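Engineer: Here you go, one structure.
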Amino acid sequence: MVCPVCGEALELEGYEVGDLVDCEACGAVLRLLSDGGLEVVVPPGGEKEPLWGLEAYGDGEEAVLRFSDGTLEEEVRVAKAELAEALRRLEEGVGDEAPEEAEDEPNQEPDYLTVHVEAEPGPLVLRRIVYRGAPDLLEFTLPSGSVYEFPFREALALLRPVVG
């Protein structure tokens, strides 16, 4: 059996119908179906807020983004206009780097679009990760090097009112 997301071969010995299987290659969480197939599991929405770990608010001409992993909290300030433009470009599929095709061989990196934004205290990288069969994600790489990942549409819904 292979992962429906990345095509990596999976060892399913000892798993039963309904069990969750983690794909070590791409990180997808899969459920074993009664017909022997696998489905990508969508995490239940009731366990925590959709964008736990990201807060955003406006401060004059700047948007303040506060990221948290539960122990560490980091804040980045970016011009509202620059953030709005970056989000627009990602939504339209126009990034600084062209997406790579991941369909040719298994285990290649997912398709992505990247936009770099000047921020305080340093550059902020927004990356939209689009991989067939997996959730559409928005990844933030902060000036500190920390990486935070959120569902793309939910992040847009949170950030649009802030950037106007």
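Engineer: Six or more apart or on different chains, Cβ atoms under 7 Å: show the pairs whose first residue is in the stretch 71-93 and within 16 Å of A155 (Cβ to Cβ) and whose second is charged (D, E, K, R) and buried (at least 17 other Cβ atoms within 10 Å of the Cβ).
Structural biologist: As it stands, the answer is V78/E62; K80/E62; L90/R128, since those pairs meet every condition given.
Engineer: Output the residue which, of all residues in the stretch 32-62 that are small (G, A, S) and at pLDDT below 50, is farthest from L12 (Cα to Cα).
Structural biologist: It comes out as G46.
Engineer: Scanning the stretch 107-121 for residues that are open to solvent by less than 40 Å² (accessible area, probe 1.4 Å) and of a type outside the set (A, V, I, L, M), which turns out modelled with the lowest pLDDT?
Structural biologist: For the stretch 107-121, the residue satisfying everything is P110.
Engineer: Scanning the stretch 122-158 for residues that are basic (K, R) and open to solvent by 30 Å² or more (accessible area, probe 1.4 Å), which turns out nearest to L54 (Cα to Cα)?
Structural biologist: R153
The values are calculated or read from the model by the stated rules, or taken from the named source; none is laboratory data. These numbers were taken from a predicted model, which means no experiment stands behind them. Methodologically, a virtual Cβ is constructed for each residue, glycine included, from the backbone with ideal geometry; neighbour enumeration extends over all protein chains shown. In case anyone asks, the SASA skips ligands and DNA or RNA and just uses the protein heavy atoms, side chains included. Shrake-Rupley method; radii C 1.70, N 1.55, O 1.52, S 1.80 Å.
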